[in-house]
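Reading through the structure tokens given below for one structure.
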Amino acid sequence: MAREIMQAVVDGILIGGVYALMAVGLTLIFGVLDIINIAQGVLVILGAYLSYSLSVHLHIDLFVGLLITVPAMFVIGVVIHWAFIRRLRGTERTSMTLLVTYAVALIIEGILTKIYGVSPTSLNASYTVNSVKIFGFYVTYIYIYGFILAVALVLALYALLYRTTFGRSVRATMQDETAARLVGIDVNRVAALTFGIGVAVTAVGGMVYGATNGGFNPNSGYDLISRLLAIIILGGMGSIGGALVASVFMITLESVVTVWYPVWAVAVFYGALVLVLVIRPTGFFGRKAVRAQ
Amino acid sequence: MSRDRRTEGSGIKLEPALKGAGLALLVAAAIAFPQVYTNPAVTNYGVFALIYVTVASAWNIFSGNSGYISLGQAVFYGSGAYALGVAAHGWNITGPEAFLLVPFAGLVGAILAVPLGLIALRVRRHTFIVITIAFFFIFQLMAYNLSFTNGTSGLNAPFLNWPAASYNTPFYYIALGLAAGTIVIAWVIRRTRFGLQLRAIRDDEDRARGLGVKAMKVKLSAFVISGALTAMIGSVWVFYIGQVQPNTGFNPLFDLTIVLMAFLGGYGSIAGAVLGAVIIEPGTLWLNAQPQFSGGALAEILLGGIFLIVVLFMPRGIIPTGGEWITQIRTRGRPAVIPATTVGAAAAPADPASAASSVGSGSTGGTR
């Protein structure tokens, strides 16, 4: 039993790393633009389908394909921001953007269903099947590669945010948009680029998700976005460190519960969210300002 | 009549009469509908439209007034449906007597809404939306896995051996009754202190609290009323279509559709929710019946597209934006006293009535 639990913890941490990457994109978008991007889930699935098409039709390796899908998703993100998000103003803005991104998600889901159908697809390569034995645990290569890539990208994002001028503008905008504007930051440009980056990471998340999850279809976006939202709320919305901790914690928790009660694991996932919010309405690392809107 | 343009007084006298007449006409039309169009395929549209009028109006009582957008309304809809199914099986209720279980379903919805509300309403708006989504998934999961909900195959409602030709008509009138009841409740709430408190919370919760509004109590009451009404219509729905499954009773698209209806018609307006439901639900049904739209993918794209257009170009919905356009025509671009928020536009109980009155006064202005 102890062995199975350890195995579940290892799986949970590895998958949690990938969720962390997707969640960081979401929480970054919330922090800078003050919007909840409901389309994030279906964008992950879009990323997965892009990888699928590249690998099946053009025989490009999944990881090499990311060199194409990441920029593609970045452009899609910037376009979504330019076409829909940028135009919304006013007091109900956060609620409205939530609905707009939901509509965008519906449209993308419809298009994916039209092209790929609803039967489950998965991404295949030699490393999605073969596994390696580490400290007595069998781990499929993709879990390790995905985890390493996710950690590397989160570190890169961290460096971007804390070591560059652009990152300084982003953080300034997160703290106080008006003040950022006053000191000469082009807030609209920062917002567009942040949205693009937040969406671009879904290409990586989608590829790993598609290769590890045992099958996805255009509908999978709903399940994914619900988890990601639970994670970023638990971590405190807009907090990047919080998103990392919460992803690994939640996914590991779910993975461990699955050992005993496979069907109720998801309920425990959402139950944990409810429980934490009853005790701490701002999440683990929530800022007071985030709660006060 | 000639003073109509100059003074507010005659306008106020004229409008309630016209609005009342328009409303009476609408009610008469709604009652006469299944008598005029007896084809079950047509009355089916009517039943579904009324079900969604109720659902959207019930959503509006809580979310429209308080500003807390609930994306988990299917929790109550599905629970109401399952309550009827479980109770009918448990107590061996067959045939039309099962309609007596509709209030029971409402009670179940109300009882569920109390703990859910106590948890979800502790947090502010963005988080509230997400918690309602979380509740939704927990409930769908329970429907899949609990023993009395019968897993994926779901539950059957009591069988009715009514002739197919007139099967829809009783359902139509029951749904009409619930829809009318919900609209009346929404209207009464809007007119009372309770409604004012709710809207004060929507505008500025901290200030409302500072002025002595017991925010939690007010929000929870509205949440419970909304949940009970949604559960009641959910039980009617399951009786009508005959069975409920976890993915039909607890359907994520359902949640979005209601919000879309309310936003299309006019967020926070009673007539808006009704208008949105009457436009979208029959529209979706019709689209799904078309062979080229089968599978739902194209309908989905269309639904999302319409929604984007509405939010981007008439962000406050058809009724408020339409009201502004009408006012512009009436005043011919001159500044007029326009109600500051949606409240004024929302007070119009029915769209055709207000449209008719403004056309009337517009033409009066033209002849002078």
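Each residue of the stretch B:48-279 gets 107 Å³ once the volume of the Cα convex hull is shared out per residue. Kirkwood analysis of the Cα pair distances in the protein assembly as shown returns a hydrodynamic radius of 26.4 Å.
Here's the list of aspartates and glutamates a cross-link from B:Lys217 could span, going by alpha-carbon distance under 19 Å and ignoring same-chain residues fewer than 8 apart: B:Asp203, B:Asp204, B:Glu205, B:Asp206. The three principal axes of the C-alpha atoms in the stretch B:47-152 carry coordinate ranges of 44, 31, 22 Å, sorted with the longest axis first. Calculated on C-alpha atoms, the gyration radius of the stretch A:58-124 divided by its Kirkwood radius gives an Rg/Rh of 1.09.
Calculate for the protein assembly as shown the 222 nm mean residue ellipticity that helices alone would give, adding -39,500 (n - 2.57) per DSSP H run of length 4 or more and normalising by residue count, nearest 500 deg cm²/dmol.
Values: 29 runs with 485 residues, N = 661.
Calculated from helices alone, the mean residue ellipticity at 222 nm is -24500 deg cm²/dmol.
Counts of other chain beta carbons within 10 angstrom of each beta carbon in peptide A:224-234 average 3.
Could you work out, residue by residue across A:260-269, how many beta carbons of other chains sit within 10 Å of that residue's beta carbon, and then give the average as an integer?
Working: counts 0, 1, 0, 3, 4, 1, 6, 7, 1, 4.
Whole-number average of other-chain Cβ neighbours for A:260-269 is 3.
Projecting the Cα positions of A:Asn217, B:Ala299, A:Phe135 onto the charge dipole of the protein assembly as shown (unit charges on Cβ atoms of Lys, Arg, Asp and Glu, taken about the Cα centre) puts B:Ala299 furthest along the positive direction. A simple spin-label model places the labels of A:Val79 and A:Ile5 5.0 nm from each other, with each point 7 Å out along Cα-to-Cβ.
In sequence order, the stretch B:218-230 has phi-based couplings of 5, 4, 5, 4, 5, 4, 5, 4, 4, x, 5, 5, 5 Hz under the Karplus curve 6.51 cos²θ - 1.76 cosθ + 1.60, θ = phi - 60°, and Gly or Pro positions carry x. Distance between the 7 Å Cα→Cβ label points at A:Tyr261 and B:Arg191: 4.9 nm.
Taking a ≥ b ≥ c as the square roots of the eigenvalues of the Cα gyration tensor, the stretch A:1-133 is oblate, since a/c reaches 1.5 or more and a/b is not larger than b/c.
For the listed peptides A:227-238, A:109-120, a ranking on the average number of other beta carbons within 10 Å per residue, highest first, reads A:227-238, A:109-120.
Phi-derived couplings, Karplus 6.51 cos²θ - 1.76 cosθ + 1.60 at θ = phi - 60°, listed residue by residue for the stretch B:145-159: 10, 6, 6, 6, 9, 6, x, 5, 6, x, 10, 9, 7, x, 7 Hz, with x used for Gly and Pro. The aspartates and glutamates whose alpha-carbon is closer than 14 Å to the alpha-carbon of A:Lys133, local same-chain residues fewer than 8 away aside, are A:Asp11.
Going by average Cβ neighbours within 10 Å, how do the peptides B:302-312, A:42-52, A:156-166 rank, with the highest at the top?
Numbers: B:302-312: 18.6, A:42-52: 27.7, A:156-166: 13.4.
In decreasing order of mean packing, B:302-312, A:42-52, A:156-166 become A:42-52, B:302-312, A:156-166.
Per-residue Karplus couplings for the stretch B:41-47, computed as 6.51 cos²θ - 1.76 cosθ + 1.60 with θ equal to phi - 60°, are listed in order as 5, 7, 5, 4, 4, x, 4 Hz, Gly and Pro entered as x.
Which of the trypsin sites (Lys or Arg not before Pro) across the stretch B:152-248 are loop residues per DSSP, with 15 or fewer other Cβ within 10 Å? Display every interim value, and only then the final one.
On the way: sites: B:Arg190, B:Arg191, B:Arg193, B:Arg199, B:Arg202, B:Arg207, B:Arg209, B:Lys214, B:Lys217, B:Lys219; in loops: B:Lys214.
Passing sites in the stretch B:152-248 are B:Lys214.
Taking each residue as 0.36 nm, the span from B:Arg207 to B:Ala29 lengthens on full extension beyond its C-alpha to C-alpha distance by 59.7 nm.
Taking beta carbons within 10 Å but only from partner chains, what does the mean come to for residues B:121-128? Mind showing how you got there, number by number?
Working: counts 0, 3, 7, 6, 5, 13, 12, 1.
Rounded to a whole number, the mean comes out at 6.
Site pair B:Ala164 and A:Asp61 shows an inter-label distance of 6.1 nm when each label is modelled 7 Å from Cα along Cα→Cβ.
Across the options A:Val18, A:Val248, B:Ala277, the greatest Cα extent toward the positive end of the charge dipole of the protein assembly as shown (unit charges at beta carbon of Lys, Arg, Asp, Glu) belongs to B:Ala277. Peptides A:144-155, B:77-88, B:128-139 ranked from most to least packed, by the mean per-residue count of other Cβ atoms within 10 Å: B:77-88, B:128-139, A:144-155.
Dimensions of the stretch A:2-291 along the principal axes, based on C-alpha atoms and rounded to the nearest Å, stand at 57, 48, 35, largest first.
How much FRET efficiency would the formula 1/(1 + (r/R0)^6) give for A:Ile279 and A:Arg87, where r is the Cβ-Cβ distance and R0 is 45 Å, rounded to 0.05?
Details: r = 39 Å, r/R0 = 0.86.
After rounding to 0.05, the efficiency reads 0.70.
Dipole magnitude for the stretch A:84-226: computed about the Cα centre from +1 point charges on Lys and Arg Cβ and -1 point charges on Asp and Glu Cβ, it is near 340 debye.
Each reported figure results from applying straightforward, stated rules to the coordinates on display, with no laboratory input. Since the model is a prediction, treat every value here as computed from it, not as a measurement. Glycine gets a Cβ as well: all are built from the backbone with ideal geometry, and neighbour counts include every protein chain shown.
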